[in-house]
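Here's the structure, in structure tokens; my notes come after.
The values are calculated or read from the model by the stated rules, or taken from the named source; none is laboratory data. Predicted model, so just to flag it, every value in this text is computed and none were measured. Using ideal geometry, Cβ is built from the backbone for each residue, glycine included, and neighbour counts are taken over all protein chains shown.
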Amino acid sequence: MTTPSTLPGPAAGATIVLPRTENQALGLARYCVDFLRSSGRTTADIGQATLDRVEQFHLDSVGCGVSALSHRANAPTVLRREALDTSPSAGTRGGICLGAARPVAVEKAVAANASAVREWDSNGTNFGYDAAKGRTAGEFGHNDFYPVAVAAARESGLDGDATLRVMVLIDEIRGRLAEVFALRKYSIDHVHHGAVACAAAYTAALGGTVEQIESAIGMIVAHYVPFRAIRAGHQLSDSKGASAALSAEVAVMCGRRALAGFLGPRDVFRNPLAIYRLNEPCPDGQSPFDLELGVSGDAFAIHSMHFKLGLYEHQSAGAIQAIVDACEARHEAFRDLNRLRGIRVKIYEPAYSIIADPAKRTPTTRQSADHSLPFILAKTLLKARDALAAGQAAGWESLMLLPEDYSDDAIGDREVRSLIDRISIEHGGRDYDALYPDGIPTSVAIEHATLGLLGGGLVRYPLGHARSDAARTAAVVDLKFDRLVAGAVDDPRRLRERIRVAGRSPQEIAELYAFPIHGCDPG
């Protein structure tokens, strides 16, 4: 599980390159049109491994969204209520909120659904890294934007196979942008790449011309750049979790305005005052990067994206894996946590700055707790102890962090605080930094009162990582879905089948999210 494996899939298939010396916004527009509409395309030219992976990421996202809504998480509940107070614009079919049946304003449905998907911070992740091609900007990103594809499909009458193409397109554009431009270096939130992708894909899916798609992209870049101010401060707010949702909302608005005839700025990637050249100056007539995009087969960025196997910031996955490995090797050491004298963690940058931030050592909100490595490790150790006491193996299945692990009572638990006091975290230096973002390099050494020093080995590819065991990851992701939606729906397995996109009719896709969620207003 911690051993490197071959990255699956993406070598086989065709790509195109949008060179830095050309109008890449127009190039993206043409790419979208070709990808979605040329010669009546179907999914047949996309590799089955790619389609299966998109299905899995989409299913995972829906499980996260259903769970957040059933727990009445604040931001998605507020945005869903806002959406349910609206009606579709004249001449449109509108959008459907998760768990509702009545059509609403499409951009409001997108905001509500994307907020629900993202609220637990538990769906897919990318690190923007393709060493083989020399694209190592390493920007973060998440599979938050499938509600845009579903909304576009409902509006345009697309069937399931065409909807999958839109999903692939969104993930491809945002994933490749993350490889070539590091937004965080300039205090810009990573959801901006997703907004660009959504504006392009949504406008194309609704039949926009290349000029209209370029306008939509230009408006996003010129008017709606989100800054990382949402992530600053000792305790995080709803704005952090809803950032993708609000960016998806304005992406749809930009697309609709472009379709109505509004003209946004052109050639925005080479614009000297837009975020790209402004932050990375380059010669006139160029952008700071070439942009390579998958066309067919399995040559798509989604193969380097990762799954989370519970609720935790993905940078902490290596540390959780280290606890799993230690439990497998010496399970007797974790039956009495009072005998753990100290837990010493070494981790890389940027993880050290993000999840080892001293301000998050004593979190008071869930949004801060799931970005606090000390809290995440303390809860994982407690779950390991409880699993062993119940005669269970302390693996990912029993250590999976779920919403109840971030309740107010859990955050204030004395045992959690006691364990946090024994956890120390240090930056592993160049040796660790050099292994990221290819992996999640982490070590956890545990000093036991009678057994001595345990663990301490380097973890690089925890389960859920793109280089980890794919079959085992898929099984744990399915288990995670069932646990998240249990209590929110009558039959988790039936919901999993309902949410499958491939092969669905246009009417089935139009009503894909219109299933009841216990505790939610049916609209």
Next on the checklist: Exactly one condition in (1) crowded, with 20+ Cβ neighbours inside 10 Å; (2) in a loop (DSSP other than H, G, I, E, B); (3) touching a Cys at 6+ places or on another chain (Cβ under 9 Å) is false for ALA384; which is it?
Outcome noted: (2)
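Can you find even one residue in the range 47-59 that is in contact with a Leu (Cβ under 8 Å, 6 or more places away or on another chain) and aromatic (Phe, Trp, Tyr)? Quick ask: steps written out before the conclusion?
Quick first cut of the range 47-59, residues in contact with a Leu (Cβ under 8 Å, 6 or more places away or on another chain) only: 51, 54-55.
With the extra rule that they be aromatic (Phe, Trp, Tyr), the set shrinks to none.
No.
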Checklist entry - Quick check: anything in the range 53-73 over 23 Å from the mean Cα position of the chain (by Cα), at negative phi and not aliphatic (A, V, I, L, M)? => result no
Item to check | strands (runs of 3 or more DSSP E) contained entirely in the range 412-520, each with at least 3 residues that are surrounded by 17 or more Cβ atoms within 10 Å (Cβ to Cβ) | outcome: 442-448
Checklist outcome for this item: If you go through ALA351, ALA394, ALA369, ALA384, the only one that is under 25 Å from VAL476 (Cα atoms) and without any contact (Cβ under 8 Å) to a residue 60 or more places away in the chain is ALA369
Checklist outcome for this item: Residue pairs within 6 Å by beta carbon, gap of at least six or interchain, first lying in the range 50-64 and among the hydroxyl-bearing types (Ser, Thr, Tyr), second part of a helix (DSSP H, G or I) and buried (at least 24 other Cβ atoms within 10 Å of the Cβ), listed first then second, are SER61/VAL117; SER61/TYR146
Checklist entry - ALA182: modelled with pLDDT under 95 and more than 25 Å from ARG500 (Cβ to Cβ), yes or no? => result no
Item to check | Where GLY138 falls short, out of the listed (1) modelled with pLDDT of 95 or more; (2) closer than 24 Å to ASN279 by Cα | outcome: (1)
Next on the checklist: If a residue must be part of a loop (DSSP other than H, G, I, E, B) and touching a residue at least 60 places away in the same chain (Cβ under 8 Å), how many such residues does the range 254-275 contain?
Outcome noted: 2
Item to check | Answer residue from the range 106-156, given it is charged (D, E, K, R) and part of a loop (DSSP other than H, G, I, E, B) and is farthest from CYS520 (Cα to Cα) among those | outcome: GLU139
Next on the checklist: I'd like to know if the range 445-463 contains one or more residues that are out of contact with any strand residue (DSSP E or B) (no Cβ under 6 Å at 6 or more places or on another chain) and at pLDDT below 95.
Outcome noted: no
